[in-house]
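> First the structure, which I've put down as structure tokens, then a few questions once you've had a look.
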Amino acid sequence: GSCTKSMTATLCALLVEDGTLAWNRTMAEGFPDLAPTMDVGWRTATLEQLLTNRSGAPESLHADGLGARLRRLTGPTPPQRIALLEGVVARPPLTPPGTRFRYSNAGFSMAGAMAERTAGVAYEELMRARLFAPLGITTAGFGTPGAAAALDEPRGHRADGAPVEPGPGTDNPEAIAPAGRVHMTIEDWARYVGLHLEGARGAPRLLSEASFRRLHTAPVGFEYAMGWIVADRAWAKGRVLTHAGSNTLWFCVTWIAPEVDLATLVCLSLIHISEPTRPY
């Protein structure tokens, strides 16, 4: 969860630069077949609003049992994300798009669905081809890392200290992969975070400096950019980019301090929680 959201935003930036997507692409434009049945309030919500948690998407997927239904889904992941989207847009946005910040896995999941629907390639494959491969990231996967039959990866742990074996139900539902299901080694995670550190320092790779500026700049009046909380810290001599999160059994946090050319990454195996941790 710590960087999955910014990874999804970075993927979208790559697709914007090649003309596949646009930051102002609306939900009605991204899903024309669903537009007639979605609540009218959703039709003008944009990709940028989804990626800055300002679309009006809900913090929870509990309404009408949507979250429980998503956990029961199997098979290809794009239809699972459409099921999430249909469940969310059947209700009005909680606030008019663009007006309020509301931390939401659903919004990023719908952004990922828009990317894969427009590109005609599943989100997971887009991430591997457009982001991970160019960065030399070889250990990335989606869902709980490791296999139950082998001690090949650290286990997540419950509150009583008991390890949780990899298997169904030990990660976020596949439908919300764009919000929090990516895993990789800390070395590969550092390759990704390094991309954003360099971009923030004016040495962009993969994307233009303008795209990094957009990814790292919160809308006026807000502190949340595209998958990054933006703040100032004295120790950083200025701006920092940070995010923390969990996929229910592990917790990760990263801080980027461009002015002092520093990035820190921390991973923990933590207690089992029912909802992804919100950033601080």
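> Which ³J(HN,Hα) values in Hz, rounded to whole numbers, follow from the phi angles of the range 161-172 under the Karplus curve 6.51 cos²θ - 1.76 cosθ + 1.60, where θ = phi - 60° and Gly and Pro get x?
x, 6, x, 10, 6, x, x, x, x, 9, 8, 4
> Which residue, chosen from Thr217, Ala9, Ala83, occupies the Cα position most advanced towards the positive end of the dipole of the chain, where the dipole is computed from +1 (Lys, Arg) and -1 (Asp, Glu) charges on Cβ about the Cα centre?
Thr217
> Shifting gears a bit: Take the Cα atoms of the range 47-143, find their three principal axes, and give me the spread along each one in whole Å, biggest first.
Principal-axis extents of the Cα atoms in the range 47-143, largest first: 40, 31, 22 Å.
> So, one more: Rounded to a whole number, what % of the accessible area of the chain do carbon and sulfur atoms account for, probe 1.4 Å? Before the final figure, lay out each step's value.
Details: 6560 of 11820 Å².
It is 56 percent, rounded to a whole number.
> Report, please, the projected area of the range 194-243 averaged over directions, based on the convex hull of its C-alpha atoms, in nm². Mind dumping the intermediate values first?
Details: hull surface 14.4 nm².
Result: 3.6 nm².
> While we're looking at this one, here's another question. Ranked from highest to lowest mean number of other Cβ atoms within 10 Å per residue, what is the order of the peptides 145-152, 44-51?
Details: 145-152: 11.9, 44-51: 24.6.
The packing order, highest mean first, is 44-51, 145-152.
> For the chain, what is the per residue volume of the convex hull drawn over the alpha-carbon atoms, in cubic angstrom?
Normalising the Cα hull of the chain by residue number yields 125 Å³.
The values are calculated or read from the model by the stated rules, or taken from the named source; none is laboratory data. The model shown is predicted, which means the values in this text are computed figures rather than measured ones. In this analysis, Cβ positions are derived from the backbone assuming ideal geometry, glycine residues included, and neighbour counts consider all displayed protein chains. Just so you know, the surface numbers come from the protein's heavy atoms only, side chains and all, with ligands and any DNA or RNA stripped out. Shrake-Rupley method; radii C 1.70, N 1.55, O 1.52, S 1.80 Å.
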